[in-house]
Amino acid sequence: MAAVQQTVDTVKTLDVDAYKYGFTTEIESEKAPKGLNEEIVRFISARKKEPEWLTQWRLDAFKRWRTMEEPRWARVDYPKIDYQDLYYYSAPKGTEGPRTLADVDPELLRTYEKLGIPLSEQEILAGVQERRVAVDAVFDSVSVVTTFKEELGKAGVIFCPISEAVQSHPELVRKYLGSVVPVTDNYFATLNSAVFSDGSFVYVPPGVRCPMELSTYFRINEQNTGQFERTLIIADAGSYVSYLEGCTAPKRDENQLHAAVVELVALDDAEIKYSTVQNWYPGDSEGRGGIYNFVTKRGDCRGARSKISWTQVETGSAITWKYPSCILRGESSRGEFYSIAISNGRQQVDSGTKMLHLGKNTSSRIISKGISAGRSQNTYRGQVFAHRKAENARNFTNCDSLLIGDQCGAHTVPYIEAKNSSALFEHEATTSKISDDQLFYCMQRGLEPEEATALIVNGFVRDVLQQLPMEFAVEAQKLIAISLEGSVG
Amino acid sequence: MTGLSSKAEEEFSGLLPADASASAKLFFEQFQRAGLPGRRVESWHYSDLRTRLRVVPPVAHAPDEAARGVARHKLGASERLRLVTIDGFFAPELSDDFSGVAGIEISSVGEAEFFGGAADPMLDLNAAFSRGGFLLEIGVGARVEPVIEIVALAGAETDRSRFGRNLIRLGAGARAAILETRDEGFAGFGDSALFIELGEDSQLDYACRCRETAGVEVQTLNVMLAARAKLRAVSLLAQTPFLRRQFFVSLGGEGAELQLSGAAILGRNDHADLTMVVHHNAPACVSRETFKYVLGDHANGVFQGKIIVPPHAQKTDGKMLCRGLLLSDDAAMSAKPELEIFADDVACGHGAAVTKLDAQQLFYLETRGVPHIEAEKILIDAFAADVFDTLASEGLRDVLRQDLSDLLGEKEPAS
């Protein structure tokens with residue numbers, strides 16, 4: 001039994017405290033005064049030199065937000081957030097002007113290097129076989145650098161921070177901003193509309209297959225700040241784009257707010273693949289600190305035969321409140337949602353998706369794998385809806401939960417609403433623990449309990465991992481092993 | 001917590017008699033605090049009582065001779081042992097004499113007899129208004145062979161508010177089969193509650209058919225199972241203008257077993273909501289929930305199921321299944337099968353499927369010379385009838401099968 005005890009001890013020291021992206025970057029930053037009022041909204045707008053219509057748009061959202069109430073229906077429990085005790089704008093000094101790598105503070109570059117995010121184009125170009133990924137790096141409230149812009153420009157793809165897009169492509173931003181997630185959508189989306197800082201803007205012109213993966217890397221660094229990024233991706237007729245976002249934050253004892261909005265628009269025959277590896281700081285094993293991740297993500301399959309696919313690997317955040325959705329408006333459009341949500345320590349996850357079938361012959365597929373360990377609570381909440389006119393709507397949903405340890409909870413709350421007789425909806429869900437037989441089998445062949453668990457879990461989530469771009473799948477697999485450390489014993 | 005009080009809530013307040021007991025007033029205050037549930041309340045989202053119940057009909061009085069006359073006329077003859085209620089009041093004059101059957105005790109029930117039910121505003125409202133219910137007791141170790149039938153009828157006036165509140169109690173090791181027939185007419189408002197308490201090792205087969213429920217009706221079942229007790233319950237709903245039937249089940253002793261099933265055959269503008277919360281409060285309990293909906297015309301079917309497994313309920317085995325068959329373009333089905341699990345050594349699952357009749361199966365039958373309408377009926381019958389198989393009592397199964405085939409016989413062609 002000594003060996004078992006040893007494992008248990010090792011595991012105890014690891015626990016969720018092993019978060020490896022918990023360092024802070026010492027860098028001077030410029031912040032707006034603490035608190036939230038009309039002045040702050042105007043300040044953010046002015047810092048970004050936004051046109052009058054956008055300032056007004058923000059102010060309208062702010063006015064609306066003040067009349068709204070924070071939603072409480074999710075199965076998460078957290079103390080009341082003091083919205084006046086936050087900084088709504090924080091930017092590393094010296095980020096203005098032309099953004100080339102040479103202008104970026106070396107301290108920042110080192111940060112991204114530590115995080116394993118390749119910002120230097122040179123390096124990547126040197127490696128001949130390496131797949132290239134264009135990165136937009138967002139640090140607190142602003143985008144610090146976007147790589148491969150020129151090369152993308154040749155293909156006609158616009159990939160830039162949204163604050164830049166407001167200046168350079170106002171007609172596109174004005175046409176699509178808020179068209180998927182309206183200003184009035186929900187409490188956090190409205191707050192975001194008022195104070196959104198930065199995020200990515202992607203436009204892929206008709207018929208273009210984006211030559212490389214696009215990616216955004218979000219980092220919250222400053223204390224007491226909220227991050228409110230806004231991402232807008234438009235895939236014009238017949239185009240294709242694959243986009244990946246990643247996120248981390250330093251370890252801090254207080255909670256930080258992250259309320260993002262992501263809007264996707266797919267026109268006729270277009271396809272958007274959106275992958276997320278979310279690894280915000282989850283708080284320590286006692287539940288101190290961590291990110292509140294309150295995110296509104298929605299894709300609009302506006303055109304016929306368009307397709308939007310969400311893939312998410314959720315391992316971080318103290319609290320996750322996130323439902324990437326698809327509005328299947330176009331005829332024969334398709335929505336997909338693949339999710340792995342892992343919670344450990346005292347994390348709380350309430351996540352899922354919405355598939356709203358409005359058009360004829362629309363189809364959707366939901367594969368969700370929830371894994372809860374430690375003292376965490378993991379909820380899948382999803383809605384599948386077929387409108388009266390959504391003839392031949394098809395949905396298949398599979399959500400499986402795995403429990404590791406007897407202190408955690410796994411919950412499933414699906415909403416299935418069919419208003420069309422030709423719709424075919426199937427839903428299945430299971431909850432179980434890792435089978436002793438499987439563990440025994442692996443250990444018999446010489447694997448440690450931890451390794452065996454990781455192996456079985458990786459098998460459990462394989463369906464979803466397969467959907468990730470290859471290099472991220474490898475990373476995600478490692479991430480899963482790390483987040484489950486300390487869960488066996 | 002629903003904000004402004006609705007007109008109906010105020011009317012209830014006016015209807016509560018001044019001489020109501022202290023506990024009735026307490027229950028009513030509880031109801032007032034929560035308010036009449038509507039779509040803003042998560043567990044009532046699909047059945048908006050606030051908009052459906054605008055006017056509250058006067059509260060039904062204890063049955064008089066006229067009411068008994070109407071009921072007697074409706075009853076007719078039967079071979080089964082019957083226990084009759086009129087407008088929710090126990091009517092011993094119309095009920096059979098049970099004194100000759102060993103192991104059965106029937107009496108009036110007092111408020112103190114009921115065990116604590118779920119926290120639900122409509123259950124509180126029922127407790128505030130109810131009077132004159134019955135207590136049906138099956139003694140320890142008694143095995144009652146014949147089917148006992150509970151018949152709920154309306155009195156002379158149909159447009160009334162009814163609040164039946166009854167209790168069935170099985171002693172340790174007892175066995176019985178109970179059929180409930182609800183036939184309170186197409187008008188008024190109903191808010192009834194049935195409590196079922198099963199002692200250790202007891203077994204109950206319970207079937208309920210609601211053919212003509214009141215205009216707006218809520219039926220609450222509170223069930224408590226002791227160790228190794230078994231309940232097999234089936235509900236058959238048809239022609240329900242607005243019905244919510246909710247089950248709150250507590251599997252309170254180790255090894256208890258629940259089979260909860262039902263079929264809803266709906267057409268016209270019918271609305272039927274079957275909601276259940278199954279609480280696995282002890283280790284190694286088994287629960288199976290199986291519900292089928294056949295929806296034609298403008299019918300609206302709602303299924304809400306929730307299995308709760310607290311940390312100490314290890315070795316729980318729970319499976320929930322809900323299937324909807326949409327026969328018309330205007331019919332709608334909403335399903336919300338929930339799992340809430342805090343224990344790790346469990347096997348829980350749920351499935352839900354909504355679709356129309358399978359064209360290939362129809363074609364197969366038609367190629368064998370079965371007319372289209374007949375083929376539809378065969379498939380619908382097969383789809384719905386298998387929920388009755390969970391019953392051990394053959395007597396009950398036969399009643400429900402016959403009911404279903406009668407229902408389908410009346411059916412207009414679906415397409």
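With the condition kept exactly as written, say whether any residue in region B:288-300 is of a type in the set (Gly, Ala, Ser) and outside any loop (DSSP other than H, G, I, E, B). No, every residue in region B:288-300 fails to be of a type in the set (Gly, Ala, Ser) and outside any loop (DSSP other than H, G, I, E, B).
Every residue, every condition in (1) within 16 Å of the chain's Cα centre (by Cα); (2) at pLDDT 95 or above, yes or no:
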residue	(1), (2)
B:TYR206	yes, yes
B:LEU231	yes, yes
B:THR240	yes, no
B:GLY253	no, no
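Selection of first residues in region B:334-361 that are at the interface with chain A (Cβ under 7 Å from one of its Cβ atoms) and open to solvent by less than 10 Å² (accessible area, probe 1.4 Å) and of second residues that are of a type in the set (Asp, Glu) and part of a loop (DSSP other than H, G, I, E, B), restricted to Cβ pairs under 7 Å at least 6 apart or on distinct chains, gives the following pairs, ordered by first then second residue: B:ALA343/A:ASP406. Looking only at region A:364-389, filter to residues that are more than 9 Å from chain B (Cβ to nearest Cβ), outside any strand (DSSP E or B) and surrounded by fewer than 24 Cβ atoms within 10 Å (Cβ to Cβ); which one of those is farthest from the chain's Cα centre (by Cα)? The selected residue is A:LYS389. Cβ-Cβ distances below 6 Å connect the following pairs, each with a first residue in region A:350-364 that is without any contact (Cβ under 8 Å) to a residue 60 or more places away in the chain, a second residue that is among the basic types (Lys, Arg) and open to solvent by less than 60 Å² (accessible area, probe 1.4 Å), and a separation of six or more residues or different chains: A:SER351/A:LYS322.
The set of residues from region B:305-324 being assigned to a strand (DSSP E or B) and open to solvent by 10 Å² or more (accessible area, probe 1.4 Å) comprises B:LYS306, B:ILE308, B:ASP317, B:LYS319, B:LEU321, B:ARG323. Looking only at region B:328-337, which residues are within 24 Å of the chain's Cα centre (by Cα) and either modelled with pLDDT under 90 or among the hydrophobic types (A, V, I, L, M, F, W, C) (or both)? B:ALA331, B:ALA332, B:MET333, B:ALA335 - these are the residues of region B:328-337 that are within 24 Å of the chain's Cα centre (by Cα) and either modelled with pLDDT under 90 or among the hydrophobic types (A, V, I, L, M, F, W, C) (or both). Would you confirm whether any residue within region B:45-61 is of a type outside the set (D, E, K, R) and closer than 14 Å to B:ARG165 by Cα? Yes, some residue in region B:45-61 is of a type outside the set (D, E, K, R) and closer than 14 Å to B:ARG165 by Cα. Across region B:179-218, the number of residues qualifying as closer than 13 Å to B:ALA152 by Cα, of a type in the set (A, V, I, L, M) and assigned to a strand (DSSP E or B) comes to 3.
So that you can scan it fast, the table gives a plain yes or no per residue for (1) closer than 22 Å to B:LYS292 by Cα; (2) touching a Pro at 6+ places or on another chain (Cβ under 7 Å); (3) open to solvent by 10 Å² or more (accessible area, probe 1.4 Å):
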{"site": "B:PHE189", "(1), (2), (3)": "no, yes, no"}
{"site": "B:CYS210", "(1), (2), (3)": "yes, no, no"}
{"site": "B:GLN219", "(1), (2), (3)": "yes, no, no"}
{"site": "B:LEU225", "(1), (2), (3)": "no, no, no"}
{"site": "B:SER235", "(1), (2), (3)": "yes, no, no"}
{"site": "B:GLN239", "(1), (2), (3)": "yes, no, yes"}
{"site": "B:GLN246", "(1), (2), (3)": "yes, no, no"}
{"site": "B:LEU251", "(1), (2), (3)": "no, no, no"}
{"site": "B:GLU257", "(1), (2), (3)": "yes, no, yes"}
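The numbered conditions (1) open to solvent by less than 30 Å² (accessible area, probe 1.4 Å); (2) closer than 27 Å to A:SER483 by Cβ are all true for A:ARG288 except (1).
Residues of region A:406-429 that are crowded, with 20+ Cβ neighbours inside 10 Å and of a type in the set (Gly, Ala, Ser): A:GLY409, A:ALA410, A:ALA418, A:SER421, A:ALA423, A:ALA429.
Which pairs have Cβ atoms under 6 Å, sit 6 or more apart or on different chains, and link a residue in region B:306-332 that is more than 9 Å from chain A (Cβ to nearest Cβ) to one that is open to solvent by 20 Å² or more (accessible area, probe 1.4 Å) and small (Gly, Ala, Ser)? Taking only residues 6 or more apart or on different chains, the pairs are B:LYS315/B:ALA284; B:ASP317/B:ALA347; B:ARG323/B:ALA353. In region B:148-173, the residues that are open to solvent by 20 Å² or more (accessible area, probe 1.4 Å) reach residues that are β-branched (Val, Ile, Thr) with C-beta atoms within less than 6 angstrom, at least six apart or across chains, in these pairs: B:ALA156/B:VAL70; B:ALA172/B:VAL140. A search for C-beta distances below 7 Å between a residue of region A:428-444 that is at the interface with chain B (Cβ under 7 Å from one of its Cβ atoms) and any residue that is charged (D, E, K, R), counting only pairs 6+ apart in sequence or on different chains, returns A:ALA429/A:ASP400; A:THR430/A:ASP400; A:LYS433/B:ASP344; A:LYS433/B:ASP345.
The values are calculated or read from the model by the stated rules, or taken from the named source; none is laboratory data. Everything numeric in this text was worked out from a predicted model, so none of it was measured. Quick reminder, even Gly has a Cβ in these numbers, built from the backbone with ideal geometry, and neighbours come from all protein chains shown. Heads up: the accessible areas ignore ligands, DNA and RNA and are worked out on the full protein's heavy atoms, side chains in. Shrake-Rupley method; radii C 1.70, N 1.55, O 1.52, S 1.80 Å.
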